[in-house]
1. Determine which single condition residue 30 fails, assuming it passes every other condition in (1) modelled with pLDDT of 95 or more; (2) outside any helix (DSSP H, G or I).
2. Does region 20-47 hold any residues that are charged (D, E, K, R) and within 19 Å of residue 69 (Cβ to Cβ), and which are they?
3. Report, by residue number, each residue of region 29-58 that is open to solvent by less than 30 Å² (accessible area, probe 1.4 Å), out of contact with any Phe, Trp or Tyr (no Cβ under 8 Å at 6 or more places or on another chain) and of a type outside the set (Gly, Ala, Ser).
4. Within region 60-72, how many residues turn out to be open to solvent by 70 Å² or more (accessible area, probe 1.4 Å) and free of Cβ contacts under 8 Å to residues at least 12 places away in the same chain?
5. Starting from region 9-31, take each residue that is more than 16 Å from residue 48 (Cβ to Cβ) and list its partners that are open to solvent by 100 Å² or more (accessible area, probe 1.4 Å), counting only C-beta distances under 9 angstrom and pairs at least six apart or across chains.
6. Can you tell me which residue within region 1-19, out of those that are hydrophobic (A, V, I, L, M, F, W, C) and over 14 Å from residue 68 (Cα atoms), is most open to solvent (accessible area, probe 1.4 Å)?
7. Which pairs do you get when a residue that is without any contact (Cβ under 8 Å) to a residue 60 or more places away in the chain, found in region 46-59, comes within reach of a residue that is of a type in the set (S, T, N, Q), reach meaning Cβ atoms under 7 angstrom, with the pair 6+ apart or on two chains?
Amino acid sequence: MSDDLLDEIEQRAMAERILLNILRATLAFPEAMDRSGVATMISAAATERQRHGDYGAADLLRHWRVMVDGWD
């Protein structure tokens with residue numbers, strides 16, 4: 001496997017772990033987490049991943065935030 005493919009797999013796995021942790025928090029405290037709050041958490045996580053150089057994870061998180069913002 002190439003280094004680029006391994007990096008892509010790691011970035012996706014990182015973003016998925018973050019998203020699942022946000023889902024877990026939302027399910028644990030549904031009264032405290034609305035769609036806007038979830039979108040904000042995803043955006044903050046994307047910013048943090050970008051700051052650490054995890055650009056693939058940051059891009060995925062930003063994409064998922066846009067999806068969450070579009071849900072009615």
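The values are calculated or read from the model by the stated rules, or taken from the named source; none is laboratory data. Computed from a prediction, not measured in an experiment: that's the story for all the values here. Neighbour counts are summed over all protein chains in view; Cβ atoms, including those assigned to glycine, are modelled from backbone coordinates with ideal geometry. Please note that ligands, DNA and RNA were not included when accessible areas were found on the heavy atoms of the full protein model with its side chains. Shrake-Rupley method; radii C 1.70, N 1.55, O 1.52, S 1.80 Å.
1. Only one criterion in (1) modelled with pLDDT of 95 or more; (2) outside any helix (DSSP H, G or I) is unmet by residue 30, namely (1).
2. Start the filter on region 20-47 by keeping residues that are charged (D, E, K, R), which leaves 24, 31, 34-35.
Of everything in region 20-47, those that are charged (D, E, K, R) and within 19 Å of residue 69 (Cβ to Cβ) turn out to be 34, 35.
3. 38, 54
4. 4
5. From region 9-31, the pairs are 9/1.
6. The initial filter retains those residues of region 1-19 that are hydrophobic (A, V, I, L, M, F, W, C), namely 1, 5-6, 9, 13-15, 18-19.
Those left that are additionally over 14 Å from residue 68 (Cα atoms): 1, 5-6, 9, 13-15, 18.
Working: 1: 165, 5: 74, 6: 74, 9: 87, 13: 34, 14: 40, 15: 0, 18: 38 Å².
Going through the qualifying residues, I end up with 1.
7. Filtered contacts from region 46-59: 54/11; 56/11; 57/11; 58/50.
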